[in-house]
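Each reported figure results from applying straightforward, stated rules to the coordinates on display, with no laboratory input. Everything numeric in this text was worked out from a predicted model, so none of it was measured. Cβ sites come from the backbone with ideal geometry, for glycine too, and all protein chains shown count toward neighbours.
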Amino acid sequence: MKISPVCEIRHTRLACFGAALSLCLLLLAPAIARCQPTATEDQVAALNLITAESLQAHLSYIASDELGGRGTPSPGLEAAAIYIAEQFRKAGLEPVGNDGYFQTSRWVMAPVVREGRTSTRLRLQPWEEGTERPEGAQGEPFLLKNVVGLLRGSDPELRDSYILVTAHYDHLGIRSGVAPDSIYNGANDDGSGTVTVFELARALASAETPPGRSILFMAVFGEESGLLGSRHYAQHPIFPLRQTIAMANIEMIGRTDTDGVDNTGNLNITGFNLSTFSVPFVEAGKHFDIAVFRHAQNSLPYFRRSDNIALATLGVPAHTFSVGYSHDDYHRPDDHWEKINFPNMAVTARTIGLGVLYLANSDEVPVWNEGAEGVEPYLEAWKTLHGGG
Ligand SMILES: [Zn+2]
């Protein structure tokens, strides 16, 4: 079996430098055994609970006209939050928000103030309890919700570390003057990631063997309004960020008719070369015959365009999974669930689940790749987070 590059570098350097070959092999044997990605048979089997049918059943509701495109804020977004919380409850996750499965925050619409000049454009702005009302704020404040549920790890040495599995459950809502369909259903963006988060929760929580590390499943609000929910979490983490070893964010894994090619069996990770996060997922892909790779053009630009960046900016190795990027219905009312490739989405979701298990069961953690193009701000943030910067 292939071992991860992290292990190769660490153990050849530490164990083998200057040592006689036989001694080196002796030292390496246990190290390699520890580095192999592992998941128990029952954990892998539990991933088969995620099927094309189960994903379609959930996504046809999340992306239905009834939810009105899940704008932030809107009654449809609220209904989606309640639905996701219910899935977390059924899965048996621990409610770890300030209000059960909800991590709530208080917001108000207020004009943008830039360089002392107030524009007429209104924007969502946080208005925390007990702080001054933002200047020019309109109407009453309201609550927005990240939906959070914890699957507690079982390894005494690993369980106080956390892996985030996330997606944004908001989309663009309803926009007037777009005939004949004014509802932006956001089935692929990011209904696909949203249902994958709670389906992964259901599968992993159903396995007899819990993961070694703890896994926090989270659906965030306000991505389309400027990564509001993920940024709120980054500023108010439920578990310390220095104990958060990785964030697996899932965006647009439903459509395979993307980027002008057939992306069936393909899975990209943004910022692929920036950290060793990808390694266990490439291994997981081999198990399910999914090619997990770096997209030549989009890997780096898209790294900064989704919720992962809120955590990466603070040093946590955080990346986003996508099957493809652009398609004709991207950010248009026609992003409908009927266009999702559900069989492919099921295998993709299982692949992500297996990679998460590999991370959760390993005593290795993802690290930023020193020297990788564009890694400096994240590496610096990591050092600050871990007290070395
Ligand atoms: Zn999105």
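Taken along the Cα-to-beta-carbon direction at a fixed 7 Å, the label points for L143 and Y330 span 3.6 nm. Computed over neighbours whose Cβ is under 14 Å from that of G271, the net charge equals -1, Lys and Arg +1, Asp and Glu -1. Across the options A296, G324, L274, the greatest Cα extent toward the positive end of the charge dipole of the stretch 235-336 (unit charges at beta carbon of Lys, Arg, Asp, Glu) belongs to L274. Overall, the anisotropy analysis places the stretch 256-377 in the oblate class: the square-rooted eigenvalues a ≥ b ≥ c of its C-alpha gyration tensor yield a/c not less than 1.5, with a/b not exceeding b/c.
So what is the diffusion coefficient of the chain in µm² per second by Stokes-Einstein at 10 °C and 1.306 mPa s, using a Kirkwood Rh over Cα pairs? Result for D is 74 µm²/s.
Cα centroid separation, the stretch 212-232 to the stretch 160-176: 5 Å.
Projecting the Cα positions of Q43, P377, A234 onto the charge dipole of the chain (unit charges on Cβ atoms of Lys, Arg, Asp and Glu, taken about the Cα centre) puts P377 furthest along the positive direction. Roughly how tilted is helix 5-16, in degrees to the nearest 10 and between 0 and 90, from the longest Cα axis of the chain? It works out to around 30 degrees. In debye, nearest 20, what is the charge dipole magnitude of the chain about its Cα centre with +1 on Lys and Arg Cβ and -1 on Asp and Glu Cβ, if you could check? Here the size comes out at about 800 debye. Using only Cα atoms, find the angle between the long axis of helix 376-385 and the longest principal axis of the chain, and express it within 0 to 90 degrees, rounded to the nearest 10. Rounded to the nearest ten degrees, it is 80. Look at the dipole of the chain built from charges on Cβ: of Q125, T256, G76, the Cα furthest out on the positive end belongs to Q125. Going by a ≥ b ≥ c, the root eigenvalues of the Cα gyration tensor, does the stretch 115-181 fall in the rounded group (a/c under 1.5), the prolate group (a/b larger than b/c) or the oblate group? It is oblate, given that a/c is not under 1.5 and a/b is not larger than b/c.
Dipole magnitude for the stretch 100-186: about 320 debye, using +1 per Lys or Arg Cβ and -1 per Asp or Glu Cβ, origin at the Cα centre. By the count of neighbouring beta-carbon atoms within 10 Å, fewest first, W127, W337 end up ordered W127, W337. Separation of the alpha carbons by more than 30 angstrom is noted, of K145/K286; K145/K339; K286/K339, for K145/K286.
Secondary-structure-derived ellipticity at 222 nm for the chain, considering helices only, amounts to -10500 deg cm²/dmol, per-run term -39500 (n - 2.57) for DSSP H runs with n ≥ 4. Net charge of the neighbourhood of G324, taken over other residues with C-beta under 10 Å away and scored Lys/Arg +1, Asp/Glu -1, is -2.
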